[in-house]
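Engineer: Structure incoming, see below.
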Amino acid sequence: MGNTFRKGEGAAPSQPQQRSKAEEHLHQAVVRYSQSSTRKPIKNLNRILLKLGDVGRAFNDCRKWFDEGDIDKDQTLSLTETKALLRRLGITLPDEEIQEIFASTDTDHNKRLSFKEFVTLLALTALLQEQSTQTVFSEQSQVALTDALSAIHVAVECFLLFDINHDGEISKEEIGKMMVSHSVAHEKEVMLLSSLT
């Protein structure tokens, strides 16, 4: 499979690993999203680059919501804080689903979400909404979360663009191929970079 970039490993080669619950949920949601008839794929790296400013603003919004939801100001969200924040954002999910998504995105199992885990929760919720027949985002929240939802879609499209072999991971080889095919680097430069890591 080649060298893959996995959490906590940087660019070091990895052995095949079992996905965490959150990674598996996200992987399955991304697979379903990629097969959706309503999907509007981004097939060009330059189009993704043009959207990065919007993505940055969306993550700033997510940080603002996270900070507002962090009632006890400990830089994490408890399950109670997360439920209250989702309700305030107009995201309507049954308590059981919130608890399941919370547990699957709490990757360090400390019963609290870091900002990164919160963004993962929003991404998973958005991707699950794509496949659901029930409405998770109210009209009001869809307006408020437009930039965040758009940023999540750009991130997913970027992932799908780089995951050439569709195995749910991005290898150094896939990054190299994308860099060459989009004229970001020449093949010799990619080979040199690969040999250094």
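The values are calculated or read from the model by the stated rules, or taken from the named source; none is laboratory data. Computed from a predicted model, the values in this text were never measured in an experiment. Methodologically, a virtual Cβ is constructed for each residue, glycine included, from the backbone with ideal geometry; neighbour enumeration extends over all protein chains shown. Keep in mind that these areas ignore ligands, DNA and RNA; they rest on the heavy atoms of the full protein, side chains included. Shrake-Rupley method; radii C 1.70, N 1.55, O 1.52, S 1.80 Å.
Engineer: Looking only at region 79-91, count every residue that is in contact with a strand residue (DSSP E or B) (Cβ under 8 Å, 6 or more places away or on another chain) and either without any contact (Cβ under 8 Å) to a residue 24 or more places away in the chain or part of a loop (DSSP other than H, G, I, E, B) (or both) and tell me the total.
Structural biologist: 2
Yes/no per residue for (1) of a type in the set (Gly, Ala, Ser); (2) modelled with pLDDT of 65 or more; (3) open to solvent by less than 80 Å² (accessible area, probe 1.4 Å):
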site: PHE118; (1), (2), (3): no, yes, yes
site: PHE137; (1), (2), (3): no, no, yes
site: ALA151; (1), (2), (3): yes, yes, yes
site: PHE159; (1), (2), (3): no, yes, yes
site: VAL180; (1), (2), (3): no, yes, yes
site: MET191; (1), (2), (3): no, yes, no
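Engineer: If you take the residues of region 34-67 that are among the charged types (D, E, K, R) and open to solvent by less than 90 Å² (accessible area, probe 1.4 Å), which of them is farthest from ALA155 (Cα to Cα)?
Structural biologist: This residue is ASP67.
Engineer: Under 8 Å by Cβ, and 6 or more places apart or on different chains, what pairs join a residue from region 109-131 that is at positive phi with one that is in a helix (DSSP H, G or I) and at pLDDT 85 or above?
Structural biologist: Pairs found: LYS111/LEU79.
Engineer: Pairs needed: first member in region 155-183, touching a residue at least 12 places away in the same chain (Cβ under 8 Å) and among the polar types (S, T, N, Q); second member anywhere, part of a loop (DSSP other than H, G, I, E, B) and open to solvent by less than 50 Å² (accessible area, probe 1.4 Å); C-beta distance under 8 Å; at least 6 residues apart or different chains.
Structural biologist: Qualifying pairs under 8 Å: SER171/GLY2; SER171/ASN3.
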